[in-house]
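Only the coordinates and a few stated rules stand behind these numbers; no lab work does. Just so it is clear, the model here is predicted, and its values are computed rather than measured. Because the Cβ atoms are built from the backbone with ideal geometry, glycine has one as well, and the counts that use them run over all protein chains shown.
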Amino acid sequence: MPEFLGPVKGFGVTFRQMFKKVDTVEYPEQKNPTAARFHGRHQLNRWPDGLEKCIGCELCAWACPADAIYVEGRDNQPDERYSPGERYGHVYQINYLRCILCGLCVEACPTRALTMTNDYELADDSRESLIWTKEELLAPLAEGMETPPHPMRLGSTERDYYLRGAQ
């Protein structure tokens, strides 16, 4: 093939694309559904009685390659129980300025307390509002759930909770 035809072939691609229909996305008005396994915003889950699943083990923070998660665990007290385990996540923060939404934190969580939702609208013009706290990340209370702290309702031991969650 002669050398001078190289640029002509390139223009051919351009001309073919010029006459194709444009794929316009009407984004804020029409939101396309995400794939089933899409990694979006994080969520801290609860047990069916309302206690938090997070036990403050900090494994999610250790697994995060972007160092976007900060967890500070505390011990549950007999009269003030937030999770069925010995500990709970007292402080939990995810910095979405650093988070790359890889999902390694979800894989590291031993109690499945942390999952990722399909919510992908995380942009904001304030740096402070992109550091989400435990209160913003916790799943809302469903019907029949009680606001922690309260005693364990699904059994008397952690094992009762974990066996119930496996069903």
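Please name whichever of H42, S126, I55 sits farthest to the positive end of the charge dipole of the chain, dipole taken about the Cα centre and charges placed at Cβ: Lys and Arg +1, Asp and Glu -1.
H42
May I ask you to list the lysines whose Cα is less than 21 Å away from that of K20, ignoring any residue fewer than eight positions away on the same chain?
Output for K20: K9.
Given the alpha-carbon gyration tensor of segment 35-166, what are the semi-axes of its equivalent ellipsoid in whole angstrom, ordered largest first, with each equal to the square root of 5 times an eigenvalue?
Over the Cα atoms of segment 35-166, the ellipsoid semi-axes are 26, 15, 14 Å.
Between T157, L137, G103, whose Cα lies farthest towards the positive end of the dipole of segment 95-167 when Lys and Arg beta carbons carry +1 and Asp and Glu beta carbons carry -1, centred on the Cα centre?
Of the listed residues, the answer is T157.
Pull up the cross-link candidates among the lysines for K134, meaning alpha carbon to alpha carbon under 24 Å and not fewer than 8 places away within one chain.
Excluding near neighbours in sequence, the set is K53.
Give the angle, between 0 and 90 degrees and rounded to the nearest 10, that separates the Cα long axis of helix 5-18 from the longest principal axis of the Cα atoms of the chain.
So the helix axis and the longest Cα principal axis differ by about 60 degrees.
At 7 Å along the Cα-to-beta-carbon direction for both N95 and D125, put a label point, then send me their distance in nm to one decimal.
If labels sit at N95 and D125, their model points lie 2.4 nm apart.
Within segment 1-53, list the GluC sites (Glu not before Pro) lying in a DSSP loop whose Cβ has at most 11 other Cβ atoms in a 10 Å radius.
The qualifying sites are E3, E26, E29.
Output the relative contact order of the chain, whole-number percent, from Cα pairs under 8 angstrom with separation of 6+ residues.
This gives 28 percent for the chain.
Scattering from the C-alpha atoms of segment 1-107 alone, worked out with Debye: what is log10 I(q)/I(0) at q = 0.15, 0.16, 0.20 1/Å?
Each listed q corresponds, in turn, to -0.80, -0.86, -1.06.
Could you give the length gained by full extension between R16 and E80, i.e. 0.36 nm per residue of separation minus their alpha carbon distance, to one decimal place?
Between R16 and E80, full extension yields an extra 16.2 nm.
What is the spin-label model distance, in nm, from T34 to R112 if the labels are put 7 Å beyond Cα along the C-beta direction?
1.9
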